[in-house]
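Step one of this worksheet: look at the structure below.
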Amino acid sequence: MKGFLTVNVSEKEFYKGGPCQPTSVKFTAQVSDPVSTAYVLLFVRFKSRQTGVTGDWSDSIKMDLIGGGTYVHDLVAAEMKGVASFQNPWVQYQFVATKANTREIGRTDIFSERLSLLECKPTPTP
């Protein structure tokens, strides 16, 4: 993971919305060079469980610096492209660290089958 010490995701699955919880997932990334790092960007896309087809990468999502070289972002399904085209997909994600001039100084591999986006199907109450 060039440029990063740790990356974490708060959940293994989250929901598109509705009464089901959680409806977001928190990404946390700690960079290895906090002095040179100006931005950490998160990229996400869907991957079909059935066919392996992937969607388009999201536009870059700027993560928030909380101090000590640690960046966070709470992702909701609406931030992702093609959310209506995939049913219960994997969510692939990747982190990129850049300098102030947007020159890349670090990039993780693509994390592929660790996070699921689920449909919310609440049970009807009698």
Hand me the trypsin sites (Lys or Arg not before Pro) from segment 22-101 located in a DSSP loop with no more than 15 other Cβ atoms within 10 Å, in residue order please.
49, 81, 99
Expressed as a percent, the portion of alpha-carbon pairs in segment 49-126 spaced more than 16 Å apart is 62 percent
With segment 1-107 reduced to its Cα atoms and the Debye formula applied, log10 I(q)/I(0) at q = 0.22, 0.24 1/Å amounts to -1.15, -1.28
Roll a 1.4 Å probe over the protein chains and send me the accessible area per residue for the chain in Å².
56 Å²
Neighbour cut-off at most 15 other Cβ (10 Å), DSSP loop, GluC sites (Glu not before Pro), segment 38-126
113, 119
How about residue 12: which lysines have a C-alpha closer than 29 Å to its C-alpha, ignoring those fewer than 8 places off in the same chain?
2, 26, 47, 62, 81, 121
Which of 23, 95, 120, positive extreme of dipole for the chain (C-beta unit charges)
95
Which one of 51, 37, 70 has the biggest mean-square fluctuation once the chain is modelled by GNM with Cα springs under 10 Å?
51
Carbon and sulfur together cover what percent of the accessible area of the chain at a 1.4 Å probe radius?
49 percent
Under a point-charge model restricted to the Cβ atoms of Lys and Arg (+1) and Asp and Glu (-1), what is the dipole moment magnitude of the chain relative to its Cα centre, in debye to the nearest 20?
160 debye
Taking a label point 7 Å from the Cα of residue 85 along Cα-to-Cβ, the residues of segment 31-48 whose backbone nitrogen sits under 15 Å from it are 44-48
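The values are calculated or read from the model by the stated rules, or taken from the named source; none is laboratory data. Here the structure is a predicted model, which is why all the values come from computation and not from measurement. Here the Cβ is made from the backbone with ideal geometry for all residues, glycine too, and neighbour counts use every protein chain on show. SASA here: full protein model, heavy atoms, side chains in, ligands and nucleic acids out. Shrake-Rupley method; radii C 1.70, N 1.55, O 1.52, S 1.80 Å.
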